[in-house]
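Since the structure comes first, as structure tokens, the remarks are kept for the end.
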Amino acid sequence: MTSNDEYVLQLLTERGYLTDAQVATARESMKAENETTLDALVAGNAVDEDIVLGTIADQFGLKYCHIDADAINPDVVKEFPQEIAKKYGVVPVVASESSVTVALLDPMGYDAVDSLRYVLQGKDVEAVLSPIGEVKAAMEKLYASQGADSVSTRDEVSGIEEATGDDAPVVKLATLIITNAIKMKASDIHIEPMEKEFRVRYRVDGALRKMDSPPKRLQGALISRFKIMSKMKISEKRIPQDGRIQITVGGKDLDLRVSSVPTNHGESIVMRILDKSNLSLGLPQLGFLSDDQTTFERLIKLPDGVVLVTGPTGSGKTTTLYACLGQINTPDKKLITVEDPVEYQMSGINQVQVNKDVGLDFSAALRSILRQAPNIVMIGEIRDEETADIAMEAALTGHLVFSTLHTNDAPSAVTRLLDIGVKPFLVASALRAAMAQRLVRAICENCKEEYTPSDREVKMLKGLSAGSNAQMPEHMYHGAGCDRCHKTGYKGRKGIFEIFKVDDTVQRLIFDHAPATILRQRARELGMRTLREDGMLKVGSGLTSLSEVLRVTMGDAD
């Protein structure tokens, strides 16, 4: 019946017009070679053609109406030649000097409308859906004098491309949006309904870039397609939903974590692209300088204790933790993670997905996995006192625990734990280190060049150097902009870090409820580089730019 029957079957099932059992029965009963499951269901009166076409029309914002071949003015043929009608699979219903209304021969051939606007030199083209028999009858009547053959819905439809199954236009467009994002190495895809446009943006190296917008009329179809791909309920548009898409592009297996949220102008979709190749990243690829890398490698190989990674959302904390697990994941150790959600599937590691609907929150999951006798535990995030207490106690009973916190700097992790109610003696005894991190865009190696900093930059550099242990860079680099970096001068991201180690003195300070400023002072005495100082070293090495370091450390103390 249509060029994408499977999609229509899902729509009808979601809306309660069909059951899974009816669809399964129809699949088995198909007899005619060219008959589809949807054809069989309509022929068997399981669902009426009016309901099928009305559902499609409602989904894509089209009008559904019956047409009478005898009531169509033959003069429309003068404005709409047979070759155009056959090529694009449409029949003109009403025509004027400035517009034309067409009925679609293929109910899913609505993409032909955009092409017709160019072919008809800017005329306003409106599409309607009508019973297929009525459309075919109108075409035969209107073009009988031109010798038109009887038209087949399947053989003589849209001239853009014959689209069946997963090759249907909306399916193609949805796949194209995802594959283009992956080619650009985007971390997120944002599908955003606006009042007058349907906006698509990619987040590349931390910055959002606006892409060409699909036609506004495809908004409902595309959103439904993404929801179907991520196994969400397409009929539920009032509440947020979460889903997941697994896709292979260029031989790479990728997971997309999908979130939908209702907004004023439709559902907003955000897809986080989880590239499994990131699991193979070692600590050097994260951006560590050699001394920090040595320190961190020693910390993650401790037999017990808590190691925290801190920073705001999107600062790469999870990637760092996975890199740690990958480095210490050996057959003689048992590793278990508790995550919400599980972002990457890692071989050799037991991963537990938090499910609050059944009472499996972080604390409940953590209690259970400790009875599994793990050597190493990774908790996606410490959010409350109960989870924090269990993590600290686990560390004191011989487990190495990794987790994340939302704090601006590393020493503030202690303050945060105390604020949520963890006893000072637990923090002092269990915490081994906290590392804060940010992500900065890396200068594109293809167009990197040395340049002379402006007077303003020199003044800024002197001010930064005077207030910290950072030295004035001898050389400054930037990206001139090339095709590889899409003229931005940046390609990829690296981390900047500060590592706060807990020694005997820090333990006593924690016992005494010392503020973060005192803890920070002691950390500096132990040789901790601040985020900004680490960033400045990477500016001097040509890894990133001064503006990037200032952007991500503007709110941080030195």
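The values are calculated or read from the model by the stated rules, or taken from the named source; none is laboratory data. As the structure is a prediction and not an experimental result, all values here were calculated from the model. Note: ideal-geometry Cβ built from the backbone for every residue, glycine included; neighbour counts use all protein chains shown. Ligands, DNA and RNA are stripped out before the accessible areas are found, and what is left, the full protein with its side chains, is counted by its heavy atoms. Shrake-Rupley method; radii C 1.70, N 1.55, O 1.52, S 1.80 Å.
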message: Can you tell me which condition Ile234 does not meet? The list is (1) under 30 Å from Val128 (Cα atoms); (2) touching a Lys or Arg at 6+ places or on another chain (Cβ under 9 Å); (3) β-branched (Val, Ile, Thr); (4) in a strand (DSSP E or B), and all the others hold.
response: (4)
message: Residues to consider are Asp384, Asp357, Asp340; find the one that is more than 30 Å from Val539 (Cα to Cα), touching a residue at least 40 places away in the same chain (Cβ under 8 Å) and surrounded by fewer than 20 Cβ atoms within 10 Å (Cβ to Cβ).
response: Asp340
message: Looking for something in contact with a Leu (Cβ under 9 Å, 6 or more places away or on another chain), assigned to a helix (DSSP H, G or I) and either open to solvent by 70 Å² or more (accessible area, probe 1.4 Å) or of a type in the set (Phe, Trp, Tyr) (or both) - is there at least one such residue anywhere in the stretch 496-517?
response: no
query: Yes or no: Ile228 assigned to a helix (DSSP H, G or I), open to solvent by less than 60 Å² (accessible area, probe 1.4 Å) and not charged (D, E, K, R)?
result: yes
message: Can you find a residue that is crowded, with 16+ Cβ neighbours inside 10 Å and within 24 Å of Asp242 (Cα to Cα) anywhere in the stretch 367-376?
response: no
task: Take Thr452 and decide whether it is within 19 Å of Ile300 (Cα to Cα), surrounded by fewer than 16 Cβ atoms within 10 Å (Cβ to Cβ) and polar (S, T, N, Q).
output: no
query: Out of curiosity, is Ile228 modelled with pLDDT of 90 or more, over 16 Å from Ile182 (Cβ atoms) and β-branched (Val, Ile, Thr)?
result: no
task: May I ask you to list pairs of residues, at least six apart or on different chains, whose Cβ atoms are under 7 Å apart, with the first in the stretch 509-534 being within 21 Å of Gly287 (Cβ to Cβ) and the second being open to solvent by 10 Å² or more (accessible area, probe 1.4 Å) and in a helix (DSSP H, G or I)?
output: Arg532/Leu464
field: the stretch 252-275 - residue that is under 8 Å from the mean Cα position of the chain (by Cα) and open to solvent by less than 30 Å² (accessible area, probe 1.4 Å) and, of those, farthest from Gln59 (Cα to Cα)
entry: Leu274
task: Would you check if Asp255 is in a helix (DSSP H, G or I) and touching a residue at least 60 places away in the same chain (Cβ under 8 Å)?
output: no
field: Which listed residue is surrounded by fewer than 22 Cβ atoms within 10 Å (Cβ to Cβ) and β-branched (Val, Ile, Thr), from Val440, Val539, Val458
entry: Val458
statement: Picking from Val76, Val8, the residue that is touching a strand residue (DSSP E or B) at 6+ places or on another chain (Cβ under 7 Å) and open to solvent by less than 70 Å² (accessible area, probe 1.4 Å) would be Val76
message: Scan the stretch 387-405 and tell me whether some residue there is open to solvent by 10 Å² or more (accessible area, probe 1.4 Å) and closer than 30 Å to Asp534 by Cα.
response: no
